[in-house]
1. Has segment 10-22 got at least one residue that is under 27 Å from GLU145 (Cβ atoms), modelled with pLDDT under 95 and over 15 Å from the mean Cα position of the chain (by Cα)?
2. For residues in segment 110-147 being more than 10 Å from ligand 1 (Cβ to nearest atom) and within 30 Å of ASP36 (Cα to Cα), which is nearest to the chain's Cα centre (by Cα)?
3. Restricting attention to strands (runs of 3 or more DSSP E) lying wholly within segment 27-143, give those where 2 or more residues are more than 23 Å from SER9 (Cβ to Cβ) and free of Cβ contacts under 8 Å to residues at least 60 places away in the same chain.
4. Which ones in segment 264-288 are closer than 30 Å to ASN303 by Cα, touching a strand residue (DSSP E or B) at 6+ places or on another chain (Cβ under 9 Å) and either free of Cβ contacts under 8 Å to residues at least 12 places away in the same chain or surrounded by fewer than 16 Cβ atoms within 10 Å (Cβ to Cβ) (or both)?
5. Checking PHE16 against (1) open to solvent by less than 50 Å² (accessible area, probe 1.4 Å); (2) under 18 Å from GLU6 (Cα atoms); (3) not small (Gly, Ala, Ser); (4) not in a helix (DSSP H, G or I), which single condition isn't satisfied?
6. Which residues, taken from segment 79-111, are touching a Leu at 6+ places or on another chain (Cβ under 9 Å) and either modelled with pLDDT under 95 or outside the structural domain of ALA143 (by TED's automatic domain parsing) (or both)?
7. Quick one: in segment 318-335, which of the residues that are among the charged types (D, E, K, R) and open to solvent by 70 Å² or more (accessible area, probe 1.4 Å) is nearest to LYS256 (Cα to Cα)?
8. Any idea which of GLN188, GLN125, GLN194 is farther than 15 Å from VAL109 by Cα and at pLDDT below 95?
Amino acid sequence: MSILQENISLKPYNTFGVHVSSKYFAEIFSEADLKDLLEKGLTGQQALLILGGGSNLLFTKDFDGLVLKISIPGISSRVDNDHILVTAGAGVVWNDLVNYCVSKGFAGVENLSLIPGTVGASPIQNIGAYGVELKDVFHSCTAFEIATAKKRTFDFEDCGFGYRDSIFKNELKGRYIITSVCFRLSRQAELHTQYGAIQAELLSRNISNPTISDISSVVSAIRVSKLPDPSTIGNAGSFFKNPVINKDQFKTVFEKFPDIVHYPAPGDQVKLAAGWLIEACGFKGKTVGQTGTWKNQALVLVNHGSATGQEVYAFSEEIINTVYAKFGVRLEREVNIL
Ligand code: FAD
Ligand code: EPU
């Protein structure tokens, strides 16, 4: 474990670039480190925040407790019948894992290229993009229970994955620290090219038989064109989830707004594009003080330089209320508010 630091700025540790401080801060580099720390009971005596890359958080105030940054490294792989099992430490940068798999010809995560953050956070909200979710390649993960320092393995069935959801955001919220994740990948690429943007980009590159490396490159290019780079403009990706509503509610909205962007969702439900709802309320590219929405993607709230978390939060509240007043649909935040 790194030395316990006191009163440090969390600005370098959150992609929104919000300036707050933490009472205590330490970095964990191994499971042994973590077990030791948990057994000492230090974590039970104060508020605890488990931190990966800080790319799905908004700090609205100083953190009066201990921030534990999980930096457990390492990637390894082994053959398991027709599959390849790749295990990565929770602190591995997600896109480094993607690049490792793509370079070795292990298919499954290429559509998830360039998502910021760490491997350890990937099961928390079941990260997803361009037709693939973490759950599609998840084999298992190991985690330590904070209260008991006991190690446990979670299989697919244990995790309750849903759209931007898992057991770690619900029943087990704040109870476990993930230390590694195992992915089940394939040598036979089953490509997911159904997204219009992927097809258009492949066409413009004259690629008719794409490899997983092509898909990774195409997805990365689409992402760069739509999403702001947190190293220059603070943000945490989509600030809200795309709302999932039932058919009756959809019928009512659709009658009033027949051009509403929507997709079928499991359980006979309908998923709406939150970005469209927000844009339709006139928020796209709008700047309010130091915050606003991104010019190419209204679902992304940004920090234009010196926004406070409270400023961003207040703006998100205004968006929720305006969208609700117009469409009767309540947006839910995807980003974790602290
Ligand atoms: P953090 O922000 O550090 O933490 C997120 C949550 O997970 C917190 O509650 C934290 O306590 C918990 N946590 C973190 N690590 C652990 C651990 N080891 N054990 C237990 N709990 C832990 N997300 C998508 O799904 N799809 C996208 O396409 C996407 N695009 C994005 C684009 C941009 C530009 C940005 C900035 C973000 C985007 N995101 C996207 C959101 C973000 O990348 C993911 O949510 C990512 O998984 C967060 O990882 P992190 O390590 O930064 O987690
Ligand atoms: N749209 C607008 N205006 C906007 C933005 C979007 O009208 O400003 C409409 C367009 O019709 C567009 C549709 O919404 O076709 C969908 O937009 P996009 O393809 O950009 O995807 P999204 O639904 O806004 C989701 C995820 C992203 C993920 C992309 C690609 C959520 C909350 N967001 O965004 O994930 O990368 O799909 O699969 O599900 C994240 O979670 O942080 C994230 C970036």
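1. Looking for residues that are under 27 Å from GLU145 (Cβ atoms), modelled with pLDDT under 95 and over 15 Å from the mean Cα position of the chain (by Cα), one finds none in segment 10-22, hence no.
2. The selected residue is PHE138.
3. 75-80
4. If the condition is that a residue be closer than 30 Å to ASN303 by Cα, touching a strand residue (DSSP E or B) at 6+ places or on another chain (Cβ under 9 Å) and either free of Cβ contacts under 8 Å to residues at least 12 places away in the same chain or surrounded by fewer than 16 Cβ atoms within 10 Å (Cβ to Cβ) (or both), then GLY285, LYS286, THR287 are the ones that fit.
5. (2)
6. If the condition is that a residue be touching a Leu at 6+ places or on another chain (Cβ under 9 Å) and either modelled with pLDDT under 95 or outside the structural domain of ALA143 (by TED's automatic domain parsing) (or both), then VAL79, HIS83 are the ones that fit.
7. Among them, the one singled out is LYS326.
8. GLN194
The values are calculated or read from the model by the stated rules, or taken from the named source; none is laboratory data. Treat the numbers as computed from the prediction; the structure is a model and nothing was measured. Heads up, the Cβs are rebuilt from the backbone with ideal geometry, glycines too, and the neighbour counts pull from every protein chain shown. Calculation scope for accessible area: heavy atoms of the full protein, side chains included, ligands and nucleic acids excluded. Shrake-Rupley method; radii C 1.70, N 1.55, O 1.52, S 1.80 Å.
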